[in-house]
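Quick notes on the structure that follows.
The values are calculated or read from the model by the stated rules, or taken from the named source; none is laboratory data. Note that this is a predicted model, so its numbers are computed, not measured. We place every Cβ from the backbone using ideal geometry, glycine too, and count neighbours over all the protein chains shown. When the accessible area is computed, the model is the full protein with side chains, heavy atoms only, and any ligands, DNA or RNA have been set aside. Shrake-Rupley method; radii C 1.70, N 1.55, O 1.52, S 1.80 Å.
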Amino acid sequence: MKNSKKFAALVLSAAMMVAMAGCGSDSNTSDAASSGSSAVSETSTGKVAGVDDLPGAKIGVQLGTTGDIYASDYEEEGSTVERYNKAADAVMALKQGMIDCVIIDSQPASVYVEQNDDLKILEEPFADEEYAICVAKDNSELKDKLNSALAELKEDGTFDSIISNYIGENAGNSPYESPADTDRSNGTLKMATNAQFPPYEYYEGEGIVGIDADVAQAICDRLGYELQIEDMEFDSIITAVTTGQVDFGMAGMTVTEDRLQSVDFTDSYATATQVIIVKK
């Protein structure tokens, strides 16, 4: 939130505003239908000023995300959880007064708040989490390779350089480039993602860029593979991995006990925080 003039906000603004504009509609019912949420017949009148106000509130989340998992607990306390296919849809619903708040990861939250001066992030963090790469449970060989490449990237500074290219004072100054002599003779690795999660993955023109995209590319460079990124709904990623449609999933995905029943995860590569966005 403090880096309003930084590269990440600048390169994302057009893409994010286009995405959010596409969420608009002439009626609340069509908004909900296009986003995958149930229709909301009345505008929200509640006020969320902290975590203690979530019981009974109308909460917006992106379907299948960690925010969705956490928000589900509040349904037993009288909350209504509106689930959207895109985080931008949830943010638009908040702006229109259809919901009281949005639970989302801190970095995307910062991007949305930068572009909407009528929104803010509550100071009280909602939950901490760790991101990792998911692989099929029977693919321990790939998991070991990914862990080895991640360790190398962290040790030689490549990982930190990728992060700093999207977040912080030096954003935009250290774009990742594959070595010219990279050997890709091992074939292709397919990665599933949801390119609606800046700065980890988002569209720039027709290409998918972001922290996860660059880290995945660096991993494939180390392992001798071509990288192919498949964009899909977030809640389809684990199914794509378990059915062999893709080799791994990387989308700011949090390690949870529920997900561990279906897939394995690599070592974590980032720590993040779930936050709450509300109208000012």
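From the residues in the range 116-147 that are of a type in the set (S, T, N, Q) and open to solvent by less than 60 Å² (accessible area, probe 1.4 Å), which one is nearest to the chain's Cα centre (by Cα)?
Of everything passing the filter in the range 116-147, Asn116 is nearest to the chain's Cα centre (by Cα).
Within the range 258-280, the set of residues being more than 18 Å from the chain's Cα centre (by Cα) and hydrophobic (A, V, I, L, M, F, W, C) comprises Leu260, Val263, Val278.
Has the range 114-133 got any residue that is over 27 Å from Ile69 (Cβ atoms), part of a helix (DSSP H, G or I), out of contact with any His (no Cβ under 9 Å at 6 or more places or on another chain) and not polar (S, T, N, Q)?
No, that holds for no residue.
From the list Asp68, Asp26, the one residue that fits, being of a type outside the set (A, V, I, L, M, F, W, C) and at pLDDT below 90, is Asp26. Among the residues of the range 134-152, the ones that are in a helix (DSSP H, G or I) and within 26 Å of Ala109 (Cβ to Cβ) come to 1 in all. Would you confirm whether any residue within the range 162-170 is open to solvent by 50 Å² or more (accessible area, probe 1.4 Å) and aliphatic (A, V, I, L, M)? Looking for residues that are open to solvent by 50 Å² or more (accessible area, probe 1.4 Å) and aliphatic (A, V, I, L, M), one finds at least one in the range 162-170, hence yes. Is it fair to say Lys95 is in contact with a helix residue (DSSP H, G or I) (Cβ under 9 Å, 6 or more places away or on another chain), modelled with pLDDT under 95 and farther than 28 Å from Asn170 by Cα? Answer is no for this residue.
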